[in-house]
Amino acid sequence: MIDLHYWTTPNGHKITMFLEEAGLPYNMVPVHIGQGEQFKPEFLRIAPNNRIPAIVDHAPADGGGPLSVFESGAILLYLADKVKRFVPPDLRGRNMALQWLFWQMGGLGPMAGQNHHFVQYAPEPLPYAIERYVNETARLYGVLNKHLSDGREFIAGEYSIADMACYPWVVPHERQRQKLSDFSYLMQWFERVRNRPATERAYAIAEQINTAPVVDDAAKGILFGENASTVR
């Protein structure tokens with residue numbers, strides 16, 4: 001029913017977490033971004049931003065032909081609406097889940113992503129950039145930690161796409177130079193999500209697909225050498 005065009009990145013993990021939770025049948029289509037497979041014409045037809053993940057739903061709710069969706073937040077919301085799960089049905093609960101989904105898309109993901117880049121992949125250390133993004137990542141962890149401090153188990157109260165969106169970006173906390181022990185409520189939430197059987201299955205799938213997750217010099221040229229000319 002669902003074709004998932006995927007690679008083993010935080011944004012990719014969001015969708016396998018959802019599909020495993022929902023029990024939706026899906027066909028995995030690996031897109032090896034370190035080898036430039038995200039630039040293939042057949043992938044660009046469904047993901048014009050040449051980024052994973054993307055899906056093709058072969059049985060959309062309107063009964064029409066196959067429907068493609070790109071951008072991980074849009075995919076999560078589309079799938080949640082499809083199965084009518086993982087977004088609270090009431091106005092306030094839905095609003096809470098969507099706020100934190102977009103918080104991740106606009107804040108935690110991009111800032112942690114820049115953190116990863118300058119801490120791990122920059123050709124030479126840039127102290128200002130490293131400090132900037134490590135500190136901003138810490139601030140965002142603090143925001144989520146404070147939100148969770150009121151005793152709620154999950155971000156929107158019940159488990160939702162907000163948790164699925166945020167969790168994969170906290171998994172590499174050590175590489176982001178963060179200590180979960182500094183954020184006690186976030187750490188408890190992290191363990192609750194990590195111990196879900198669907199989360200375990202999603203990450204086990206990743207280990208089978210990408211057995212050598214090392215970004216070598218050739219992959220760096222592909223991943224970090226893009227500009228306007230690459231979309232022409």
Label point 7 Å out from L67 along Cα-to-Cβ: which residues of the stretch 136-166 have amide N under 19 Å?
-> 161
Treat every Asp and Glu Cβ in the chain as -1 and every Lys and Arg Cβ as +1, leave all other atoms uncharged, and give the resulting dipole magnitude about the Cα centre to the nearest 20 debye.
-> 340
The chain - Rg and Dmax from Cα coordinates, angstrom = 17.7, 54
Which links in K14/K146; K14/K40; K14/K82; K14/K179; K82/K179 stretch past 28 Å when you go from one Cα to the other?
-> K82/K179
Inter-label distance for H32 and T211, nm, one decimal - labels placed 7 Å from Cα along Cα-to-Cβ = 1.2
Per its Cα gyration tensor (rounded if a/c is under 1.5, else prolate when a/b beats b/c, else oblate), the stretch 59-188 is best filed as oblate
When the chain is treated as a GNM, springs tying every alpha-carbon pair under 10 Å, which of I52, I155, I205 comes out with the largest mean-square fluctuation?
-> I205
Summing -39500 (n - 2.57) over every DSSP H run of at least 4 residues in the chain and dividing by its residue count gives a helix-only mean residue ellipticity at 222 nm, to the nearest 500 deg cm²/dmol, of -15000 deg cm²/dmol
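For a protection proxy built on the mean count of beta-carbon atoms within 10 angstrom, sort 105-118, 122-135 highest first, please. Write down the numbers at each step before the final one.
Details: 105-118: 18.8, 122-135: 12.6.
In decreasing order of mean packing, 105-118, 122-135 become 105-118, 122-135.
Values in this text are rule-based calculations from the coordinates and carry no lab data. No experiment lies behind these values; they were computed from the predicted model shown. Virtual Cβ from ideal backbone geometry, glycine too; neighbours counted across all protein chains shown.
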